[in-house]
Structure formats: structure tokens, C-alpha cells
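Every number here is computed from the coordinates shown, using simple stated rules; none is lab data. Note that the structure is predicted; figures quoted are calculated from it, not measured. Cβ: placed from backbone, ideal geometry, glycine included. Neighbour counts: every protein chain shown.
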Amino acid sequence: AAKLFLSEDIGSVVVVDENDEPIGVFTNTDLAVFVAEGGTGGETAVSEYMTERVVTIGSQDSVRDAAAKMIIHGIHHLPVTDEHGSVVGMLSTMDLTSHFSYTGGTD
């Protein structure tokens, strides 16, 4: 996961099951916890450190709704799902900051 974060310049990944439905989110914070606890990689599954409480937003929902969900749940990464529940993207607080800065705070 650490190599993926570096190579893709991302701070989180969605962990999905065999049906592409989200079962967890692994973030750079989870990675920091792993390292702080003495983890060195290799054999440890991401599922041991991922956040299992997955909050998602539908791809047709508004950016304002996404921001509200992130605030309510105290999260910085929000998986975006399609009408079938499959993950199609990820919103971050940086994405929302950029959007609202560009639009002047409107949707």
C-alpha cells in the first residue's frame, strides 16, 4: 500500500470484496499507525489496519452532500459508488477544498 500511495500520489485506497463493494478504507493515517506499531510490511494484510466503517456517497449526489457527510462522520476520504454499489472513485478533503475554492463556495 505504501508503494501505491507514493507511485500514485494518493492518500487512501478503498478495499473491496469480490463484488467490488467497499469493505474498508486504508489511509495514510492507517499506514502511520502500522509503522508506529513496528510494522515493516511484507506479510501484514491491509485488512488488519483498514477502517472498516465505510461511509460512501452516490455518484449522482451533490458535492455539498459529500462535504456534509465528511463533516458529520469526521472522515477525510469518501468513496464514490455507482447505482450498483461498486466504487467508481474517491473524494478527499483536498478535492472539496479545490472545488469550493474554484466555485466560490457554491455547488
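Listing for the model above:
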{"item": "Length released on extending from Val55 to Phe100, taking residue separation times 0.36 nm less the Cα-Cα span", "result": "14.1 nm"}
{"item": "Alpha-carbon Debye profile of the chain, log10 I(q)/I(0) at 0.12, 0.18 Å⁻¹", "result": "-0.44, -0.92"}
{"item": "Relative contact order computed over the chain (Cα-Cα under 8 Å; 6+ residues apart), in percent", "result": "21 percent"}
{"item": "Rounded FRET efficiency, nearest 0.05, which uses the C-beta distance separating Glu21 from Glu43 and R0 of 22 Å", "result": "0.25"}
{"item": "Least to most buried among Asp82, Asp9 (fewest other Cβ within 10 Å first)", "result": "Asp9, Asp82"}
{"item": "Top of Val14, Val54, Val33 by mean-square fluctuation, Gaussian network on the chain, Cα under 10 Å", "result": "Val33"}
{"item": "Helical mean residue ellipticity (222 nm; -39500 (n - 2.57) per DSSP H run of 4+; nearest 500) of the chain", "result": "-10000 deg cm²/dmol"}
{"item": "Cα-centre dipole for the chain with unit charges at Cβ (Lys and Arg positive, Asp and Glu negative), debye to 20", "result": "440 debye"}
